[in-house]
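So the structure is just underneath, and the comments pick up after that.
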Amino acid sequence: MRKIFEIGGVVTAAVLIAFGIVAIVMGVNGHSTVNSTLKQEQITGTPDMTPAAIKSEVAAAKTAQTALFAKLHAAGVKMTPSPIATPSCSVAGTQVANGTDARCFARYMRIHTFGATSGLTYSQMGRYIAKPGTPYKFTDGLGATSDPKWAATDPKTQQPVNNGRRDIWVTYTALTTALNTSYMASQLALFGIVVGIALLLAGIGFGILAIGGALRSRETALAAWRKPEPASPQTAVHA
């Protein structure tokens with residue numbers, strides 16, 4: 001029975017080592033693919049993509065957002081402003097070549113988008129251009145509405161005119177989703193490498209225990225910390 005356990009330990013060690021090597025190779029390949037794909041896109045951070053340089057744009061976006069939402073609330077429109085935070089990373093003048101840089105670039109893109117939409121998100125913006133004379137409470141504060149009744153119509157198609165400002169958010173969402181996905185893929189690749197190393201070490205450990213005859217030894221690993229039992233006194237034999 002002990003022999004079977006030893007053989008099983010060797011087989012388990014071989015399987016763990018094999019899985020560990022495969023996981024490491026796949027993780028390295030995945031990480032390399034993410035980096036090379038990002039480099040092919042030739043994405044370079046603009047000069048304002050540093051925490052210090054972007055401060056003025058963040059302040060301007062927050063000011064515009066505060067003023068716009070104050071008017072909307074005064075008109076009875078209930079909307080909650082989305083937070084505008086200054087990134088702590090920097091990619092100014094740097095080519096985006098890894099997942100971390102991609103995520104950082106996406107965070108700066110959000111500030112640029114807020115600057116163009118006065119702090120409104122995609123869902124807060126009207127679907128159509130509002131026609132002249134539309135009550136303020138039926139607009140998003142920037143001249144657009146989601147109510148077809150107040151929408152301006154195209155004289156050729158007689159259909160409501162779409163709000164082109166919303167396209168900014170569509171483009172932003174598409175690009176940042178790809179960038180954040182690159183970051184997630186990069187992190188998953190690193191996680192795969194870590195798991196592979198753990199499996200490799202576990203397999204090596206199993207192999208050492210099995211080949212080294214750990215099952216044949218009666219002593220456990222904690223035997224060295226046990227206190228020796230006191231010797232029992234021998235009974236004297238009287239003649």
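Once phi is turned into ³J(HN,Hα) by the Karplus curve 6.51 cos²θ - 1.76 cosθ + 1.60 with θ = phi - 60°, what whole-Hz value does each residue of region 18-25 show in order, with x for glycine and proline?
3J(HN,Hα) across region 18-25, in whole Hz: 5, 5, x, 5, 4, 4, 5, 4.
With a 1.4 Å probe and all protein chains kept in place, how do Asp154, Asp48, Asp167 rank by accessible area, largest first?
Result of the area sort, largest leading: Asp167, Asp154, Asp48.
Amide H neighbours of Ala92 under 5 Å, counting only residues 5+ apart in sequence or on other chains, H built in-plane at 1.01 Å?
Sorted by chain and number, the residues that satisfy this are Met49.
Is it possible to state the helix-based mean residue ellipticity at 222 nm for the chain, with each DSSP H run of 4+ residues giving -39500 (n - 2.57), the sum divided by total residues, to the nearest 500 deg cm²/dmol? What is it?
Here the helix-only value at 222 nm equals -19000 deg cm²/dmol.
Mind listing the phi-derived Karplus ³J(HN,Hα) values for region 26-40, rounded to whole Hz, using 6.51, -1.76 and 1.60 with θ = phi - 60°, and x for any glycine or proline?
So the Karplus estimates, Gly and Pro as x, are 5, x, 5, 5, x, 4, 5, 5, 4, 5, 5, 5, 5, 5, 5 Hz.
Would you mind calculating the gained length between Tyr122 and Leu188 on full extension (0.36 nm times residue separation, minus the Cα-Cα distance), in nm to one decimal?
Fully extending the segment from Tyr122 to Leu188 adds 20.8 nm.
Just reorder Met49, Met79 by solvent-accessible area, largest first, 1.4 Å probe, all chains present.
Solvent-accessible surface, decreasing: Met79, Met49.
Express in nm, to one decimal, how much length is gained between Ile211 and Ser56 on full extension, taking 0.36 nm for each residue of separation and deducting their alpha carbon distance.
Stretched out fully, the Ile211 to Ser56 stretch lengthens by 49.2 nm.
Would any residue of region 98-141 have its amide N under 13 Å from a label point 7 Å out along Cα→Cβ of Ala67? List them or say none.
Only 118-119 pass the distance filter.
Provide the FRET efficiency to the nearest 0.05 for the Val11-Ser36 pair, computing r from the beta carbons and using R0 = 35 Å.
0.40
For Thr44, list long-range residues whose amide hydrogen, built 1.01 Å from N in the peptide plane, is under 5 Å from its own amide hydrogen.
So Thr44 has HN proximity to Val96.
Measure off 7 Å from each Cα along the Cα-to-Cβ vector at Thr46 and Leu142, then give the distance between these two points in nanometres to one decimal.
1.5 nm
Can you give the angle from 0 to 90° between the axis of helix 166-211 and the longest principal axis of the chain, with both taken from C-alpha atoms, to the nearest 10?
Rounded to the nearest ten degrees, it is 0.
What is the count of Lys pairs in the chain whose alpha carbons sit under 24 Å apart, if the two are 8 or more places apart or on different chains?
12
Using amide H atoms built 1.01 Å from N in the peptide plane, name the residues 5+ places from Ala130, or on other chains, whose amide H lies under 5 Å from its own.
Under 5 Å from the amide H of Ala130: Ala144, Thr145, Ala152.
Whole-Hz ³J(HN,Hα) for each residue in region 50-56, computed from phi via Karplus 6.51 cos²θ - 1.76 cosθ + 1.60 with θ = phi - 60°, x for glycine and proline: what do you get?
9, x, 6, 6, 8, 4, 5
The values are calculated or read from the model by the stated rules, or taken from the named source; none is laboratory data. Model, not experiment: these values are computed from the prediction. Every residue, glycine among them, receives a Cβ derived from its backbone with ideal geometry; neighbour counts consider all protein chains shown. Areas reflect the complete protein model, heavy atoms only, side chains present, ligands, DNA and RNA absent. Shrake-Rupley method; radii C 1.70, N 1.55, O 1.52, S 1.80 Å.
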